[in-house]
Number of protein chains: 2
Amino acid sequence: MTQVEVGRGLEALFKPRSIAIVGASEDVTKIGGRPLQFLQKFGYAGKIYPINRKAGTVQSLPAFASVTELPEAPELAVVAVPPDSVLDAVKECAGRGVRAAVILTAGFSEMGEKGSALQAEIGAVARSTGMRIVGPNCLGAVGVPDKAIATFSVALESGLPAAGHVGIVSQSGNLGSYTMRLASERGIGISRLLTTGNECDVDISDAIASLALDAGTSVILCCMETCRNAAKLQQAMELAREAGKPLVVLKVGVSEAGSAAAASHTGALAGSDAVFDTVLRNGGAIRVPSIEQLLEVGHALSVVGPARMPKANTVAVLTASGGFGVLLADAASAQGLALPKLKQETQDRVTAVVPFASPSNPVDMTAQVSSRPEVLAKVLNAVAEDSTCAALILQSANAFHLPRLRDVFLAALEQVRKDHPNRLIILCCRAPDDVRARLNAMGYPTVEGIDAACSTLAALVRFGSRSAPSPTGGGLGRGHEREALSHDAFATEASAKAALAAAGLPILKETIATSRDAALAAARDIGFPLVLKIVSPDIAHKTEVGGVVVGVRSEAQLREEYDALLSRVQQKAPKARISGVLVAQMAQGGTELILGSKKDPVFGPVIMVGLGGIFAEVFRDVALQVAPVSEAQALDMLRSLKSFPLLDGARGRPKADVAAAAKAVAALSRFAARHAEDVAEIDVNPLVVLDAGQGAFALDALLVPEQKGLQ
Amino acid sequence: MTQVEVGRGLEALFKPRSIAIVGASEDVTKIGGRPLQFLQKFGYAGKIYPINRKAGTVQSLPAFASVTELPEAPELAVVAVPPDSVLDAVKECAGRGVRAAVILTAGFSEMGEKGSALQAEIGAVARSTGMRIVGPNCLGAVGVPDKAIATFSVALESGLPAAGHVGIVSQSGNLGSYTMRLASERGIGISRLLTTGNECDVDISDAIASLALDAGTSVILCCMETCRNAAKLQQAMELAREAGKPLVVLKVGVSEAGSAAAASHTGALAGSDAVFDTVLRNGGAIRVPSIEQLLEVGHALSVVGPARMPKANTVAVLTASGGFGVLLADAASAQGLALPKLKQETQDRVTAVVPFASPSNPVDMTAQVSSRPEVLAKVLNAVAEDSTCAALILQSANAFHLPRLRDVFLAALEQVRKDHPNRLIILCCRAPDDVRARLNAMGYPTVEGIDAACSTLAALVRFGSRSAPSPTGGGLGRGHEREALSHDAFATEASAKAALAAAGLPILKETIATSRDAALAAARDIGFPLVLKIVSPDIAHKTEVGGVVVGVRSEAQLREEYDALLSRVQQKAPKARISGVLVAQMAQGGTELILGSKKDPVFGPVIMVGLGGIFAEVFRDVALQVAPVSEAQALDMLRSLKSFPLLDGARGRPKADVAAAAKAVAALSRFAARHAEDVAEIDVNPLVVLDAGQGAFALDALLVPEQKGLQ
């Protein structure tokens, strides 16, 4: 896989010195008319070149018959001609030296095979000429500081958003522009919007990367439906991480109904949501479940600088009412936040100010804070000076609407901000717009809902306490070696296990015997007890033909069982080719895991591990990770299982050899990554994990070959 | 337990012909000043009597020195005197024939023992005189249609809410009045508000009942922190159910942190949230997790009549954008709603109108619906006429803000409402207040958020599809027989099992043998294999002293094991009194359940059942129900277990005798209810469930006696 320069060459979208509108229209309700109208209305300072076959003037500007006739090469071209004219227009733009083109026109891959073929030709122009192409079937781009408008979105009808440091990227044009409008109404300043539509060239990863590289953007909000290139996504997330910019992702098409709807809407493969979740977490993105949370978290991040990011999940809650304290404690707990008791010293300071306060946490300042609002600063300072909690939430149902309270509260909050510049304090309140703006300017995020305040804080905690990137893990696109696997490996259990054993997955001693005497010799070498299993490329389900015997404990028993096994098999599967009988050491005790790998359509081989039997099946208690994983990541996977206590000594069991299990998971993951081209699926069932220090061993394994040509 | 007349005599709170303000003040910032101000400001039509020692006039009204001096008995008294004058004031009111008193004054049970004692005396006045008392430490009551204001809530400073059919009750005054204000801002008309505070007499159940009985209230919103009388709560819920009025409950103090905060705030016992949840579900209440949802569901219910309540969880989603369709499908799925495909005929009708629409579900009407808004009525009618879905959600990001679209949309929605008067259609949209009011008046709930729209619909489905009340189940306060349990029952496993067996919980054959010969005789009667267990009132953990032997398969083995068992026990527990050796039939195969009962501080004996071993412990996979339960309810409990498939033939197992298990659960629950006074806890571990038709048997049991005097 070649390294892609993700996000390359997109500056022309957001601050071009000149823009051509190809298919410019006099009619401002048309997609060729609106961008022109917006550019003039909002005062874009660069050159605007309407392109229209009839030339003349369009919307009072002199028009040109084609891009080739322009006096200079425009940096950006907005293409709004009918679908069958787009390819020619794009070629012309590339020929004229345009750096980036936005194709607003729809009617391509979303309309079936013919449209897909045409779209592929357009994408090829980008690859052969280096001109970047956004779309087709997209809502384009907006560079707010430069008033560069390459969109026909109705979201701009009510005005250009205020400029700021939050950038928005989206595959869906509607979601992207709606997010921008809501964000703007929420008081969030916007840097850039980029919607990628059908993604013939520029994809969502490029879009993320372009914001990661933009000095004017410090927070990235992303609506994502799918990922067409896993390696690029990982690189884009790394760029955001390196730049210290929070990347907040709303993944849509999560449910079965949703991903079916997404597939019918974009034709894009959804991939498994659990795997997506893993990839986003690996990349340090903050995932949110709804557009409402995307906005709340975006708001908070736009107000809170990196210095105030909470490093732990502890929160102190302050209210003027016990009832609200209880509600907030519930909501915080539901979001995984903890409310530890404040220090006794802090509690004493609180009750010194408000004698009947509940000073523990939540702190109930009682209605006193309404009749004597000056107590707020004292209580807030006391709690802010207590290091027990990583963040504070101050809730007030009324204060900012009542002039008398408002002014005292504002003064107190101003003072507290000065005294504690790096303290994260979220205000859970309703307030008139102007008051809210003042609070935000002081660095206080303002969130109306109680649940919303807590889920926003939880998102900041996920960002503030995320772990460093794992140097060995999530090796998407890291150029690890691919290696062909011998066809023989797929033949039988024994050959599959041998191939896995060679890759570092331990198996118990075993030998294929082709005679009773050879079996007896093997038994002397391996030791009792033993398991016997038929070996045949024609028998998939060994137990169904009586081809497995467990618990062979003596030479006499071995003799007897060996013959009986072969005669049973011969009777039940007379035509099967018999390669021999596997004589294998028998595991005693231990806990059974199931371990496997499957290929995700987006992210390639994905490793799955869970406890055997009903745990994985009935409780869906499995952990996933993109292959390959390090041993440390494998250990994290095991620890994340709900059933992990069963490996860790629950109910008086001995502790299992979890380290060996993690080693086995990592070995399997490397094997899966290395042989991704040949192997569609791997099942190790069971991997038996013995007591600590005793190891973990694959007792049975199956390799399913990739069906070449079907992918 | 005596039957309580829940909700009795509270009409005087909401439509009194006369109101006395005891402790009336000239100062409108005081709690004795505000109600007087509100009554006059909002135009209460009845007589107002300020009571103030100095007499004269208060806020321009002639005042009286005491209630006894009034020319008539006021129907309602609002008490706002200092804490130590409250008891006298209340007695005076009762003596004068006041029908209901609201005590706004704080400083009682929330302040410790002395306050509790005083509060108890006040409550006693209510019980001895029949005058109903609300509070103390409450925010009182508001009867909106009659402008009867018995509160000092700041929520009324911005005006009296518009009158309507939604009633609000709350233990927390702040939550109640905040809910009222937000509801009013949300356009919800209010009938009554009642906040119950410390509940010396009128409790939250009375409050619910008073609204259930009020012809002017059709929807009840409730904020609940605790329940002080389980039987009254159940009666109140029954009244609401009988009246066909939805009861929406926000339970606060759900999490550990929240209930700790609630306890420090009110001193009330929280009880188990899981049990609360069960009780609310049994009673047909709609539980919501946040104040935001309380309002959204309240809004929808205030707009949607009972005829439009959805009877199933199916929803058709219509949008103008594929991206929003995907978001809605995700959000609906997360709320347990299903999006079945529409009929082919319907899809054909949709594509006939909008050729490039996605017609399946979600229906993507595409941007066509913006450029040709007249298509909306046709598509909406087609989907409304399709019976596949119980409800529709129509999403529009922009339409109601753009005049051109708005008028066409309003006309279309008006027509659809006429054509389909009983169709539930939720609008997920933003709209200016006046447009929203028009939509609501047409019977369309309007919800802004995507998640909120789906969670609101899910709440309506829970109400619309709730089951009929179970005649035998949830027997709180149903006056079932209480019966004393012989002290002997607690002594040993054998005596506990005998007591349970007498109550209908099957056990296997067993006999206590006091000699080896008796054991042999018992074995001949019972048959092999057998289990032997030591019987001693002094030995709690039988296995620890070697007191259990399983798998005794012959007379010879029995002889040997009998002697060995006794000598082991004698060695390890030389001082224990030995009653004999239990000779018991041994169960073979089957699945082990754990079954038990524990007393909840609020709701009494609660039955718990789950699969044995790690399932209950590691996965917390247990079902709860308030005792007693019917066999049908017990079956529901078993079916609700995640691990139920293990009883139902998963992974090739034989189906277990689930009917027998349900019978056993019901028998145990009746036993627990009957002996609630004596028995604190019952553990049956395991209850082994054999294959279908073979029965279910308690293999071991423990009864823990109630510690009398400690409760």
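The values are calculated or read from the model by the stated rules, or taken from the named source; none is laboratory data. Just so it is clear, the structure is predicted and the values come from calculations on it, not from any experiment. Cβ placement follows ideal geometry from the backbone for every residue including glycine, while neighbour counts extend to all protein chains displayed. For accessibility, only protein heavy atoms count, side chains too; no ligands or nucleic acids. Shrake-Rupley method; radii C 1.70, N 1.55, O 1.52, S 1.80 Å.
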- [ ] Scan segment A:225-254 and report the pairs whose first residue is in the same structural domain as A:Val275 (by TED's automatic domain parsing) and closer than 17 Å to A:Thr196 by Cβ and whose second residue is buried (at least 22 other Cβ atoms within 10 Å of the Cβ) and of a type in the set (D, E, K, R), with Cβ atoms within less than 7 Å and a gap of 6+ or a chain change.
- [x] A:Arg228/A:Glu199; A:Arg228/A:Asp203; A:Asn229/A:Asp203; A:Lys232/A:Asp203; A:Val252/A:Glu225; A:Val252/B:Asp330; A:Gly253/A:Glu225; A:Gly253/B:Asp330
Open item on the list: Based on this model, can you work out whether B:Phe38 counts as modelled with pLDDT of 95 or more and among the aromatic types (Phe, Trp, Tyr)?
Closed with: yes
Task: Residue, farthest from the other protein chains (Cβ to nearest Cβ), within segment B:562-611, restricted to residues that are of a type in the set (Ser, Thr, Tyr) and either within 16 Å of B:Ala523 (Cβ to Cβ) or assigned to a helix (DSSP H, G or I) (or both) - done: B:Tyr562
Task: Number of positions in segment A:133-154 that are open to solvent by 10 Å² or more (accessible area, probe 1.4 Å) and more than 14 Å from every other protein chain (Cβ to nearest Cβ) - done: 3
TODO: Would you tally the residues in segment A:611-627 being under 14 Å from A:Leu668 (Cα atoms) and open to solvent by less than 20 Å² (accessible area, probe 1.4 Å)?
DONE: 3
TODO: Please state which one of B:Ala384, B:Ala367 is touching an Asp or Glu at 6+ places or on another chain (Cβ under 9 Å) and among the aliphatic types (A, V, I, L, M).
DONE: B:Ala384
Open item on the list: I'd like to check something: does segment A:155-171 contain any residue that is out of contact with any Leu (no Cβ under 6 Å at 6 or more places or on another chain), closer than 29 Å to A:Gly604 by Cβ and within 13 Å of chain B (Cβ to nearest Cβ)?
Closed with: yes
Task: Tabulated pairs, segment B:106-131, first under 12 Å from B:Val90 (Cα atoms), second of a type in the set (S, T, N, Q), C-beta under 8 angstrom, 6+ apart or interchain - done: B:Gln119/B:Ser109; B:Gln119/B:Asn198
Open item on the list: It is to be established whether one or more residues within segment A:510-521 are assigned to a loop (DSSP other than H, G, I, E, B) and touching a residue at least 12 places away in the same chain (Cβ under 8 Å).
Closed with: yes
- [ ] Working only within segment B:321-344, note down all residues that are at the interface with chain A (Cβ under 7 Å from one of its Cβ atoms), part of a loop (DSSP other than H, G, I, E, B) and among the polar types (S, T, N, Q).
- [x] B:Ser321
Task: Condition check for A:Leu405: more than 14 Å from chain B (Cβ to nearest Cβ) and touching a strand residue (DSSP E or B) at 6+ places or on another chain (Cβ under 9 Å) - done: no
TODO: Please enumerate the residues belonging to segment B:234-277 that are buried (at least 21 other Cβ atoms within 10 Å of the Cβ), closer than 25 Å to B:Ser630 by Cβ and at pLDDT below 90.
DONE: B:Val275, B:Phe276
Open item on the list: Please go through segment B:426-451 and give me each residue that is under 29 Å from B:Gly283 (Cβ atoms) and either part of a loop (DSSP other than H, G, I, E, B) or modelled with pLDDT of 95 or more (or both), ordered by number.
Closed with: B:Ile426, B:Asn440, B:Gly443, B:Pro445, B:Val447, B:Gly449
Task: Unique residue being modelled with pLDDT of 95 or more and either part of a helix (DSSP H, G or I) or of a type in the set (A, V, I, L, M, F, W, C) (or both) when the list is B:Glu92, B:Glu110 - done: B:Glu92
TODO: From the list A:Leu413, A:Leu394, pick out the single residue that is within 20 Å of A:Val303 (Cα to Cα), of a type in the set (A, V, I, L, M, F, W, C), part of a helix (DSSP H, G or I) and under 37 Å from the mean Cα position of the chain (by Cα).
DONE: A:Leu413
Open item on the list: Please go through segment B:292-308 and give me each residue that is within 14 Å of chain A (Cβ to nearest Cβ), hydrophobic (A, V, I, L, M, F, W, C) and open to solvent by 10 Å² or more (accessible area, probe 1.4 Å), ordered by number.
Closed with: B:Leu295
Task: So A:Ala331, is it within 31 Å of the chain's Cα centre (by Cα), in contact (Cβ under 8 Å) with a residue 60 or more places away in the chain and open to solvent by 20 Å² or more (accessible area, probe 1.4 Å) - done: no
TODO: Could you list all residues from segment A:56-72 that are among the hydrophobic types (A, V, I, L, M, F, W, C) and under 17 Å from A:Ser85 (Cα atoms)?
DONE: A:Phe64, A:Ala65, A:Val67
- [ ] Return yes when A:Ala89 is hydrophobic (A, V, I, L, M, F, W, C), over 11 Å from A:Ala20 (Cα atoms), touching a residue at least 12 places away in the same chain (Cβ under 8 Å) and out of contact with any helix residue (DSSP H, G or I) (no Cβ under 9 Å at 6 or more places or on another chain) and no when it is not.
- [x] no
- [ ] Return the only residue of B:Ala384, B:Ala338, B:Ala390 being open to solvent by less than 20 Å² (accessible area, probe 1.4 Å), at pLDDT 95 or above, within 30 Å of B:Leu247 (Cβ to Cβ) and not assigned by TED's automatic domain parsing to the domain that holds B:Ala163.
- [x] B:Ala384
Task: Selected residue [of a type in the set (D, E, K, R) and within 14 Å of chain B (Cβ to nearest Cβ)] from A:Lys245, A:Lys251 - done: A:Lys251
TODO: Output the number of the condition that B:Lys311 fails; it satisfies all remaining conditions of (1) surrounded by fewer than 21 Cβ atoms within 10 Å (Cβ to Cβ); (2) modelled with pLDDT of 90 or more; (3) out of contact with any Ser or Thr (no Cβ under 6 Å at 6 or more places or on another chain).
DONE: (3)
Open item on the list: Need a quick list: helices (runs of 4 or more DSSP H) entirely within segment B:612-711 having at least 3 residues that are within 14 Å of chain A (Cβ to nearest Cβ).
Closed with: B:614-618
Open item on the list: Anything in segment B:646-668 that is modelled with pLDDT of 95 or more and among the small types (Gly, Ala, Ser)? List them, or say none.
Closed with: B:Ala659, B:Ala660, B:Ala661, B:Ala662, B:Ala664, B:Ala666, B:Ala667
Task: Residues satisfying the stated conditions in segment B:358-381, i.e. modelled with pLDDT under 90 and more than 11 Å from every other protein chain (Cβ to nearest Cβ) - done: B:Gln368, B:Val369, B:Arg372, B:Pro373, B:Glu374
Task: Count of residues meeting criterion [open to solvent by 10 Å² or more (accessible area, probe 1.4 Å) and farther than 21 Å from B:Lys378 by Cα] in segment B:418-437 - done: 7
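Quick grid of which residues meet (1) in contact (Cβ under 8 Å) with a residue 60 or more places away in the chain; (2) of a type in the set (Gly, Ala, Ser):
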site	(1), (2)
B:Val22	yes, no
B:Thr29	no, no
B:Pro35	yes, no
B:Ile48	no, no
B:Ser60	no, yes
Open item on the list: Given the condition of a type in the set (Asp, Glu) and open to solvent by 50 Å² or more (accessible area, probe 1.4 Å), answer yes or no: does some residue in segment A:647-656 qualify?
Closed with: yes
